[in-house]
């Protein structure tokens, strides 16, 4: 079994730590890239809408404000969700040891209830 555990330990270091960290940072890089692309798309829509006669500048200002606010809101939520995922799924699995009693929110504890057979 020591032979097996030696290979398993090497696999765990490579696949569990090294590959997991690279993939996590690649995902965060993708989120940053998506933010930049969404900002460029909103700016392009603003420049295109300025050419509309009469109401073009009003539409451009509204698109600029609401487009960039929506992009900011999506990325604030994404930043929270992805850092929480890193914290709870990747960090806790390395150090957290479960204990206590099982969580069962819909189960009513019945210590002193007796049921009569019919």
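The values are calculated or read from the model by the stated rules, or taken from the named source; none is laboratory data. The structure displayed is predicted, hence computed values, not measured ones. Counting neighbours? That spans all protein chains shown, and the Cβs are built from the backbone with ideal geometry, glycine included.
Among the residues in segment 75-88, are any surrounded by 13 or more Cβ atoms within 10 Å (Cβ to Cβ), part of a helix (DSSP H, G or I) and more than 19 Å from the chain's Cα centre (by Cα)? No, because not a single residue in segment 75-88 is surrounded by 13 or more Cβ atoms within 10 Å (Cβ to Cβ), part of a helix (DSSP H, G or I) and more than 19 Å from the chain's Cα centre (by Cα).
Can you confirm whether segment 99-116 contains a residue that is within 28 Å of the chain's Cα centre (by Cα), at pLDDT 75 or above and in a helix (DSSP H, G or I)? No.
Pairs meeting the criteria (first residue in segment 84-99 and within 16 Å of residue 25 (Cβ to Cβ), second residue assigned to a helix (DSSP H, G or I), beta carbons under 8 Å, at least 6 apart or on different chains) are 86/24; 90/20; 90/24.
State yes or no: is residue 56 at pLDDT 85 or above and either surrounded by 14 or more Cβ atoms within 10 Å (Cβ to Cβ) or touching a helix residue (DSSP H, G or I) at 6+ places or on another chain (Cβ under 7 Å) (or both)? In short, yes. Does any residue of segment 21-29 turn out to be under 26 Å from residue 83 (Cα atoms), in a helix (DSSP H, G or I) and at pLDDT below 75? There is at least one residue in segment 21-29 that is under 26 Å from residue 83 (Cα atoms), in a helix (DSSP H, G or I) and at pLDDT below 75.
Please tell me if residue 40 is at pLDDT 90 or above and either exposed (fewer than 13 other Cβ atoms within 10 Å of the Cβ) or in contact with a strand residue (DSSP E or B) (Cβ under 6 Å, 6 or more places away or on another chain) (or both). In short, yes.
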